[in-house]
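Before any comments, here is the structure.
The values are calculated or read from the model by the stated rules, or taken from the named source; none is laboratory data. Predicted model, so just to flag it, every value in this text is computed and none were measured. As a convention, Cβ positions derive from the backbone with ideal geometry for all residues, glycine included, and neighbour counts pool all protein chains shown. What goes into the accessible areas is simple: the full protein's heavy atoms, side chains included, and nothing from ligands, DNA or RNA. Shrake-Rupley method; radii C 1.70, N 1.55, O 1.52, S 1.80 Å.
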Amino acid sequence: MKPFVFVNLAMSADGKLSTTERRQVKISGRSDFLRVDEIKAGSDAIMVGIGTVIADDPSLTVKSERLKKERTDRGCDENPVRIIIDSEGRTPENAEILHKGPGRRIIAVSEKASDKNLERLSPYADIIVAGKDKVDLGGVMEALSDIGIKKVMVEGGGTLIWSLFEENLIDEFYTCIGSIIIGGQSAPTAADGTGFIKEENFTKLELIDMEKADDGVLLRWRVK
Ligand SMILES: NC(=O)C1=CN([C@@H]2O[C@H](COP(=O)(O)OP(=O)(O)OC[C@H]3O[C@@H](n4cnc5c(N)ncnc54)[C@H](O)[C@@H]3O)[C@@H](O)[C@H]2O)C=CC1
Ligand SMILES: Nc1nc(O)c(N)c(N[C@@H]2O[C@H](COP(=O)(O)O)[C@@H](O)[C@H]2O)n1
């Protein structure tokens, strides 16, 4: 069993998630910020890769007081469970995600993570060990399902999203395309990793919705 998994991200009109220096930039506008907060508050868990934690130091908290209250009225924590995919347990102890706002944190590591790192991080998060070298994402999804997590929002970045597509673990893919060009061959995109070579292996999507969002466009796809 696995939870329902959807990706939500913002990309520039040329398909980049950030700059070549992996510096976070404002891509989407105010209305998209509010939409993202709503879907985050409607999720049981939010997942990011360690690359995003190191690059952006996000908190991944729900921002609106109304949405926080709605969650606590439903008997949930103010924030969804925050999950970091981090093979070696490199998450910095002072990362925002480990400190800002109440709620459970999970760090999924592989067998490569040292005991020292596990000890270092265990005061801040529950640790799941899955996979030999890199994190076994299918195993993590099963473990999440076992603890009652039904809906996971994946925030990024491109390396994690690629692996989730490769392993056929994504149900829906939402992207807000903003009205800027970032450029740069090595700037992160929505699905980096090694890429599919054979056409028959490409992930096929069905467009389920599209709408104007500020000066950009929001596209929602279902994985066929
Ligand atoms: N515009 C947007 O909506 C967003 C942009 N970003 C951007 O994305 C960039 C970070 O993305 P990435 O460097 O690609 O890092 P990432 O956040 O995708 O993390 C990838 C890392 O996760 C670890 N990992 C462990 N097991 C794995 C597995 N099975 N598959 C894949 N990764 C695994 C590896 O250490 C790997 O390098 C930053 O520049 C950030 O600003 C990130 C999130 C949202
Ligand atoms: N949805 C969206 N729009 C943008 O314009 C962005 N730059 C991002 N970036 C990602 O949002 C996360 C920040 O989370 P917190 O505010 O710290 O909770 C971070 O992961 C960015 O990469 N997203």
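At a threshold of 8 angstrom on Cα-Cα distance, excluding pairs fewer than six apart, so keeping six or more, what relative contact order does the chain reach in percent? Kindly include the intermediate steps, with their values, before the conclusion.
Working: 480 pairs, mean separation 70.9, N = 224.
Once divided by the residue count of the chain, the mean separation gives 32 percent.
Tell me the chymotrypsin sites (Phe, Trp or Tyr not before Pro) within segment 163-224 that lie in a loop according to DSSP and have at most 11 other beta-carbon atoms within 10 Å. Kindly include the intermediate steps, with their values, before the conclusion.
On the way: sites: Phe165, Phe173, Tyr174, Phe196, Phe202, Trp221; in loops: Phe196, Phe202.
Qualifying residues, ordered by number: Phe202.
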Provide the per residue accessible area, probe 1.4 Å, for segment 5-223, rounded to a whole number of square angstrom.
50
So what's the back-of-envelope 222 nm ellipticity for the chain, counting only DSSP H runs of four-plus at -39500 (n - 2.57) apiece and dividing by all residues, rounded to 500?
-7000 deg cm²/dmol
Using a 1.4 Å probe and ignoring any ligands, DNA or RNA, find the accessible area of Val135 and quote it in Å² to the nearest 10.
10
Cα-centred dipole magnitude for segment 1-112, charges only on beta-carbon of K, R (+1) and D, E (-1), debye, nearest 20:
200
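Calculate what fraction, in whole %, of the accessible area of segment 95-142 sits on carbon and sulfur atoms when a 1.4 Å probe is rolled over the protein chains.
Working: 1150 of 2510 Å².
Carbon with sulfur: 46 percent of the solvent-accessible area.
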Given the C-alpha centroids of segment 58-100 and segment 147-224, what is the distance between them in whole angstrom?
22
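Can you compute the charge dipole magnitude of segment 5-223 about its Cα centre, using +1 on each Lys and Arg Cβ and -1 on each Asp and Glu Cβ, nothing else charged? Give it in debye, rounded to the nearest 20. Provide the component values of the computation, followed by the final result.
Values: 30 positive and 38 negative charges, 98 e Å.
That gives segment 5-223 a dipole magnitude of about 460 debye.
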